[in-house]
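Peer 1: My structure is below; once you've seen it, I'll send some questions.
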Amino acid sequence: MLKKFAFNCLRNFNAAFGMVSLTAIGLGAIATFSGLGLLYLARGGFPIVEKERSEQIASTGIGAIVLGFPGIIFASLGGAFLSVVEELEETNSGIEPAKITDIKPLVFTKPESF
């Protein structure tokens, strides 16, 4: 019971960690493209925000992407590890040792009608 609860907690934590990493990658991509777009607009003569602010947005987005990819890798490895451990636990708990009384001898006898 405690093992099952621990596996469920670890699985939920792993799923949350993976979702946070995916969100960081997505928001980082949006921030990178919008920051670089604002930077190139400022260089082209259409300054919507300051150049330093555009560079800061782009670098923050790149940082989020760089930190999100290892998070996805660790979440995938953690999920694979948890599934292997859980599968081994299920297969080990389902095997029961055979008893001598459970073994039935194989003996062929002639039916009386022959």
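Peer 1: Of everything in region 7-39, what is over 30 Å from GLU89 (Cβ atoms) and exposed (fewer than 15 other Cβ atoms within 10 Å of the Cβ)? Give them in sequence order.
Peer 2: THR23, GLY26, ILE30, PHE33, SER34, GLY37
Peer 1: While we're on this one: Can you name the residue in region 54-90 that is farther than 23 Å from THR23 by Cα and open to solvent by less than 70 Å² (accessible area, probe 1.4 Å) and is also modelled with the lowest pLDDT among such residues?
Peer 2: GLU86
Peer 1: Under 9 Å between Cβ atoms, which residue pairs at least 6 apart in sequence (or on different chains) link something in region 60-87 that is in contact (Cβ under 8 Å) with a residue 24 or more places away in the chain and among the polar types (S, T, N, Q) with a partner that is assigned to a helix (DSSP H, G or I) and open to solvent by less than 90 Å² (accessible area, probe 1.4 Å)?
Peer 2: THR60/GLY28; THR60/ALA31; THR60/THR32; THR60/GLY35; SER76/GLY18
The values are calculated or read from the model by the stated rules, or taken from the named source; none is laboratory data. All values reported here derive from a predicted model rather than from experimental measurement. Note: ideal-geometry Cβ built from the backbone for every residue, glycine included; neighbour counts use all protein chains shown. Surface accessibility is based on the protein's heavy atoms, side chains included, excluding ligands, DNA and RNA. Shrake-Rupley method; radii C 1.70, N 1.55, O 1.52, S 1.80 Å.
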